[in-house]
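Below is one structure; the comments refer to it alone.
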Number of protein chains: 2
Amino acid sequence: MKPTIKDVAKLANVSISTVSRVMNSPDSVVESKKVRVLDAIDKLKYKPNALARGLIYKKTNTIGVIIPDIRNPYYADIIRGMEDASKKLGYSLIICNTDRDKKRLFSYLNNFYEKQIDGILYTSDPVFPDYYHELQRLRMPIVLVSTHSMEYDLPSVKINDEQAAYDAVKFLIDSGHRKIGMIAFELTDGIAGWTRYHGFVRALREHDLEECKDNVVFVEGWTYETPDAAASTLLSKCPDLSAVFTVSDELAIGLLCYLNEQGIKVPEQISVIGFDNIRLAKLTVPKLTTVAQPTYEIGYRSVEKLNAIIEQQEDPVLREYLPHEVIERASTRRLNR
Amino acid sequence: MKPTIKDVAKLANVSISTVSRVMNSPDSVVESKKVRVLDAIDKLKYKPNALARGLIYKKTNTIGVIIPDIRNPYYADIIRGMEDASKKLGYSLIICNTDRDKKRLFSYLNNFYEKQIDGILYTSDPVFPDYYHELQRLRMPIVLVSTHSMEYDLPSVKINDEQAAYDAVKFLIDSGHRKIGMIAFELTDGIAGWTRYHGFVRALREHDLEECKDNVVFVEGWTYETPDAAASTLLSKCPDLSAVFTVSDELAIGLLCYLNEQGIKVPEQISVIGFDNIRLAKLTVPKLTTVAQPTYEIGYRSVEKLNAIIEQQEDPVLREYLPHEVIERASTRRLNR
């Protein structure tokens, strides 16, 4: 039988109204009682039913957004999409930057809980077991944005990273390139590292170019600082490349800058394809061919999805994948034309 | 005589403890009473004294940050600086993007008030009279970041924009340029528009180049969309320019892209100097000469300053100006070498 609010009150040795207050205005409950109630909720796996939930929780019309690295221009249009959907649905957004620091993340999550926000949008990063446990404990509606979890049943909105990388590399192959390299994120990054590398390898394998699969340099995270080093390592390792697939536009912009300094012409000598389609991609010299992520739509859709959960509406697709697209600009050359 | 909490209670026809609750946990007070209390506070211009304030207000260790346009990479390092200082001083940041929408701004400010955040960092935008009135009504500590107010006595941290623009143009003049143009923000923008245009004009005047003062195109706001149009208008208006000062790196990157497309060589035919020194400035082709704002330091210092106000420490300088610096890279040419 499903546990009720009475069971929680009994186990925590407090009144029903105290349990309600813990969920409704935790600040008004003394710490020791609050801890007992939360422990009881946790132990019993108590979840208020839809009606009770509506009665107990006061909607604050606020959504908390967890961003791992606010400096990354990738998030700009994600946030724009989130904001437009929030405006439409009557929410305010609170954006928190964790700088990929677990302590900060947990502190923000608890802050969200205390402020009684209606739900969380968790962007980009993997959901590690301890993160999941914390999210479960706080029992707030959540949608993963530009990330997903295969281990846990958490709703998510992103592109299909493996397929997108495959399409980028296939575009180069279809353009006649046979000596292809890659600047990749480390394989330990299960969202944008492992998946995109495997898309690269699958495209090579399906076109009998498996000898290219070691033409790879792995870099850690999103950065403006390392592209020079990455580019130089890749080109000294594989001096005869005619095309490079980079897993972010920032890295691609760094590569363009490096090649220009070396006097190597893009796309005449080397073609470069990026990933993301940040707004600056169309202002580079030359303009960057890239895989467009529907960043605005990912942000927009994630708020709609979170709203559906908050409002207890039906939302049949747990893990949603939005379409990507190869945008051909001037940084790639078709050898077969 | 200064009004006391008793006077507020009397005027609002509520108990003293209700007034205290309005300030301490406004959510726990029914709307009608809350409105009466806030009105009474407003009418009496009641301000709790330092001691009473400490007793009444509970510190939440949370700072609210108002950003007008999160897409602008300029804010990336400002936020980083804010975060590092917050970490040091024990605050969490809540970042809100207003998209320069007054309704959103006011809704966030009221949200901050209800959540009892400790203070506000208000970035970039002018403080209009109705904004000031709202801020006064909410009586939350505030620091203006990358903006200031000459009308109101609000603490602020920014660079000296007029001087920075002057220095950029003087750098071009000292490099031997005599045909100088400018891509400027509109003069109605009192922070980055009017000031930087006047720095440009002052540098021209002091070097007998006043004939250049009409070589200007004004653009609205920060955008990746308009630089082509701005660049093309400027160059058809003044085809013989040898150098252009643009008031943001984004606009400068757009100009580099436009010039490249037109087959005009930078810096051989036209020198370009930007403003801000965003991280991408050192990855452009060619690398961008620019005026560096100490963005990280501005963010960092603004949190320290806000903390001083929250903690009622002495902070002798109301309007702080941090030093800027011209960074010479490859997009400008010295004609006199």
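The values are calculated or read from the model by the stated rules, or taken from the named source; none is laboratory data. Only a predicted model underlies this, so the values are computations on that prediction, with no experimental measurement involved. We place every Cβ from the backbone using ideal geometry, glycine too, and count neighbours over all the protein chains shown. The area values use the complete protein model at the heavy-atom level, side chains included, leaving out ligands, DNA and RNA. Shrake-Rupley method; radii C 1.70, N 1.55, O 1.52, S 1.80 Å.
Label separation (A:ILE16 vs B:SER17): 2.6 nm, computed from points 7 Å beyond Cα along the C-beta direction. The DSSP beta bridges internal to the protein assembly as shown are antiparallel in roughly 10% of cases. Chains A and B together bury roughly 4100 Å² of accessible surface, counting both sides and using a 1.4 Å probe on protein heavy atoms. Among A:ILE120, A:ILE264, A:ILE63, the largest mean-square fluctuation in a Gaussian network model of chain A (Cα springs under 10 Å) belongs to A:ILE264. Select from B:ASN307, B:ASN13, B:ASN110 the residue whose mean-square fluctuation is largest in a Gaussian network model of chain B (Cα-Cα springs shorter than 10 Å). Of B:ASN307, B:ASN13, B:ASN110, the most mobile in the Gaussian network model is B:ASN13. Placing unit charges on the Cβ atoms of the charged side chains and taking the dipole of the protein assembly as shown about its Cα centre, the candidate lying farthest along the positive direction among B:VAL266, A:LEU255, B:TYR75 is B:TYR75.
In segment A:258-312, the inverse of the mean reciprocal separation of distinct Cα atoms equals 13.8 Å; this is its Kirkwood hydrodynamic radius.
Angle of helix A:74-89 to the longest C-alpha principal axis of chain A, folded into 0 to 90 degrees and rounded to 10: 40°.
If each residue of separation counts as 0.36 nm, what is the full-extension length gain between A:ARG202 and A:ASP153 once their alpha-carbon separation is subtracted?
On the way: separation 49, 0.36 × 49 = 17.64 nm, distance 2.73 nm.
Extra length available between A:ARG202 and A:ASP153 comes to 14.9 nm.
In segment B:51-148 the Cα-Cα distances spread across 10 Å bins starting at 0 as 15, 50, 30, 5, 0 percent of all pairs. Each Lys and Arg contributes +1 and each Asp and Glu -1, all at the Cβ; summed about the Cα centre of segment B:76-151, the dipole is approximately 160 debye. GNM on chain A, alpha-carbon springs under 10 angstrom: the most fluctuating residue among A:ALA164, A:ALA12, A:ALA281 is A:ALA12. In this structure, B:ASP27 and A:LEU89 have a Cβ-Cβ separation that, at R0 = 25 Å, corresponds to a calculated FRET efficiency of about 0.65. With a cut-off of 20 Å on the backbone N, the residues of segment A:277-307 near the modelled label site 7 Å out from B:GLU268 along Cα-Cβ are A:285-287. Using the alpha-carbon centroid of each, what span in Å lies between segment A:118-149 and segment B:238-315? When both Cα centres are located, 37 Å separates them.
A convex hull fitted to the Cα coordinates of segment A:128-285 yields 127 cubic angstrom per residue.
Taking the Cα centre as origin and putting +1 on Lys and Arg beta-carbons and -1 on Asp and Glu beta-carbons, what dipole magnitude results for the protein assembly as shown, to the nearest 20 debye?
Working: 88 positive and 92 negative charges, 481 e Å.
The calculation lands at about 2320 debye.
Per-residue ellipticity at 222 nm computed for the protein assembly as shown from its helices equals -13500 deg cm²/dmol, with DSSP H segments shorter than 4 residues left out and the rest contributing -39,500 (n - 2.57).
Among residues other than A:ASP276 with Cβ under 13 Å from its Cβ, the summed charge is -1 (Lys and Arg +1, Asp and Glu -1).
For the residues A:LYS103, B:LYS34, A:LYS179, a 1.4 Å probe over the protein chains yields an accessible-area ranking, largest first, of A:LYS103, A:LYS179, B:LYS34.
Computed over every Cα-Cα pair of the protein assembly as shown and binned at 10 Å starting from 0, the pair-distance distribution P(r) comes out as 3, 14, 22, 23, 19, 12, 6, 2, 0 percent.
Selection among B:ALA230, B:PHE218, B:GLY181 by position relative to the dipole of segment B:174-245 gives B:GLY181 as farthest towards the positive end (Cβ unit charges, Cα centre).
Dividing the Cα radius of gyration by the Kirkwood radius, what Rg/Rh value follows for chain A? Can you show the working numbers first?
Values: Rg = 23.5 Å, Rh = 21.8 Å.
We get a ratio of 1.08 for chain A.
A 1.4 Å probe over all protein chains sorts B:HIS177, B:HIS207 by accessible area into B:HIS207, B:HIS177, starting with the largest. The angle separating the long axis of helix B:129-138 from the principal Cα axis of greatest extent in chain B is about 40 degrees.
Taking only C-alpha pairs under 8 Å that are 6+ residues apart, what is the relative contact order of chain A in percent?
Details: 607 pairs, mean separation 60.2, N = 337.
This gives 18 percent for chain A.
The residue list B:SER28, B:LEU89, B:ALA168 was ranked by how far each Cα lies along the charge dipole of chain B toward its positive end, using unit charges on Cβ atoms, and B:SER28 comes out on top.
To the nearest 10 degrees, how steeply does helix B:194-206 sit against the main Cα axis of chain B, on a 0 to 90 scale? It works out to around 40 degrees. Remark: segment B:161-292 carries a charge dipole of roughly 360 debye about the Cα centre, counting +1 on each Lys and Arg Cβ and -1 on each Asp and Glu Cβ.
Leaving ligands, DNA and RNA out of it, report the carbon-plus-sulfur percent of the accessible area of chain B at a 1.4 Å probe. Reported share for carbon and sulfur atoms: 51 percent. Computed with a 1.4 Å probe over protein heavy atoms only, the accessible area of A:HIS324 comes to about 40 Å². Annotation: extensible slack from B:PHE106 through B:ALA330 equals 76.3 nm (criterion: 0.36 nm per residue apart, minus Cα-Cα distance). Its Cα gyration tensor gives segment B:133-179 an equivalent ellipsoid; the semi-axes, largest first and in whole Å, are 37, 9, 6. Within chain B, antiparallel bridges make up roughly 10 percent of the DSSP beta bridges whose residues both belong there.
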